[in-house]
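Below: the structure, in structure tokens.
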Amino acid sequence: METVDVDLAGRSYPVWIGPGLLADSERWRSMIRGRHVLVVSNTTVAPLYLDALAQGLDGLRWASYLLDDGETHKTFANIGRILEALGELGATRDACIIALGGGVVGDMAGFAAACWMRGIDFIQVPTTLLAMVDSSVGGKTGVNLPTGKNLAGAFHQPRAVVADTYLLDTLPQREFQAGLAEVVKGAAIGDPAFFAWLEDHADTLATRETRPLIEAIARKCRYKAGVVARDETEQGERALLNLGHTFGHALETAGNYSEILHGEGVAVGMVLAARLSERLGMATADDTQRLVTLLHRLGLPTERSPRHAPTRLLDLMRLDKKNTAGTLRLILWRGIGRAEIVSGVAEDDVLAVLG
Ligand SMILES: NC(=O)c1ccc[n+]([C@@H]2O[C@H](COP(=O)([O-])OP(=O)(O)OC[C@H]3O[C@@H](n4cnc5c(N)ncnc54)[C@H](O)[C@@H]3O)[C@@H](O)[C@H]2O)c1
């Protein structure tokens, strides 16, 4: 097992990564302070793993609340339902929510925990690779609104993250690969040695071999934990974690969130950001090529669908939260492991890269 510490003074917490953690009842007992536990999961994950978690929670009083599966259910209405379930449980201030699921469940359960009595404990049990390496660490929680994705939310750090790698066995291949994009992203932003390690281990990672997989999850979490510890509420450095996101979100939105997965959008988005960096003289074609080759070896897309016109994608990019009035603000790089925030990017350059 690997442990990564997220160092946030009084709110520090461990990320445990390894096989078989779900049923470890001693660990659960050490984490849960009060008498009320609500497990929030969804209708796909609960039938697979709720029984194993129940073994771990043996002796504790707990209830479960299941959400329908999918991004479209990441709504305020469902936060209300989770809060009602806490009410029915009689949950007091020392209650705890356990989020058993991917990023959708984790973001919602965390937001509900932030709201109940203005903040109770929650523990992340990520069940997708994306959630293990990204969404479960760092305390961003929230829901989508009809006007946009993740527009309402709160920073609320979990008490612990329990990443049981056995749970990845049932994850569909496409979802697994989407998670690998988030692993590559961390290395591409700020850890060139990790990038080189990924190049050395791409084949065994693509086939989900346990040891390199645990190491990759731990290295990405360690990288993200460092950034979060330095800039918890995204006043500066944490924005770098959005490498590829402005392009990626535009591709996701253009495809109505049904054409490509978030991780796939990030993969293509990183390549577009690398090409734009090249065009602006910030990085070399060799850097782009190394990125493209690694993503390919991990089974990820590197070219965008020609279905969407560059001008439509640019329109969507103008709506990005990082922009200030009238100018595009993007995360670009000066080569592998050296991402930076660039303001005032000319739209003609972006169109040329999208064209
Ligand atoms: N909070 C953050 O910092 C942060 C960061 C990145 C992404 N996100 C959010 O995360 C969400 C995406 O997360 P995701 O990619 O995990 O998607 P997801 O939660 O929708 O899970 C993907 C699919 O896999 C299924 N699934 C989950 N675990 C499984 C398992 N072990 N076996 C079989 N099937 C399983 C789910 O039911 C779902 O159908 C988005 O809403 C995004 O906004 C949040």
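The values are calculated or read from the model by the stated rules, or taken from the named source; none is laboratory data. Computed from a predicted structure; not experimentally measured. Reconstructed Cβ throughout: ideal geometry from the backbone, glycine too, with neighbour counts over all protein chains shown. Ligands, DNA and RNA are excluded from the accessible area calculation, which covers all protein heavy atoms including side chains. Shrake-Rupley method; radii C 1.70, N 1.55, O 1.52, S 1.80 Å.
Observations
- Criterion: buried (at least 24 other Cβ atoms within 10 Å of the Cβ) and within 16 Å of the ligand (Cβ to nearest atom) - qualifying residue of A154, A181, A187: A181
- The condition of being assigned to a helix (DSSP H, G or I), surrounded by 17 or more Cβ atoms within 10 Å (Cβ to Cβ) and touching a residue at least 60 places away in the same chain (Cβ under 8 Å) holds for only one of A229, A202, that being A202.
- Residue check: D51 meets all listed conditions (1) more than 12 Å from the ligand (Cβ to nearest atom); (2) buried (at least 19 other Cβ atoms within 10 Å of the Cβ) but one, namely (2).
- Identity of the residue in the range 138-151, near the ligand (Cβ under 8 Å from one of its atoms) and modelled with pLDDT under 95, that ends up most open to solvent (accessible area, probe 1.4 Å): N150
- For the range 88-137, the set of residues classified as closer than 12 Å to V37 by Cα, away from the ligand (no atom under 16 Å from the Cβ) and not charged (D, E, K, R) consists of L89, G90, A91, T92, A95, C96, I120, listed by residue number.
- Among residues of the range 73-87, those that are closer than 25 Å to F176 by Cα, of a type outside the set (D, E, K, R) and either open to solvent by less than 20 Å² (accessible area, probe 1.4 Å) or more than 10 Å from the ligand (Cβ to nearest atom) (or both), counted: 1
- Candidates D286, D315: the one that is out of contact with any helix residue (DSSP H, G or I) (no Cβ under 7 Å at 6 or more places or on another chain), under 15 Å from A188 (Cα atoms) and open to solvent by 50 Å² or more (accessible area, probe 1.4 Å) is D286.
- Lone qualifier among R312, R275, R290 - being under 18 Å from L180 (Cα atoms) and in a helix (DSSP H, G or I): R290
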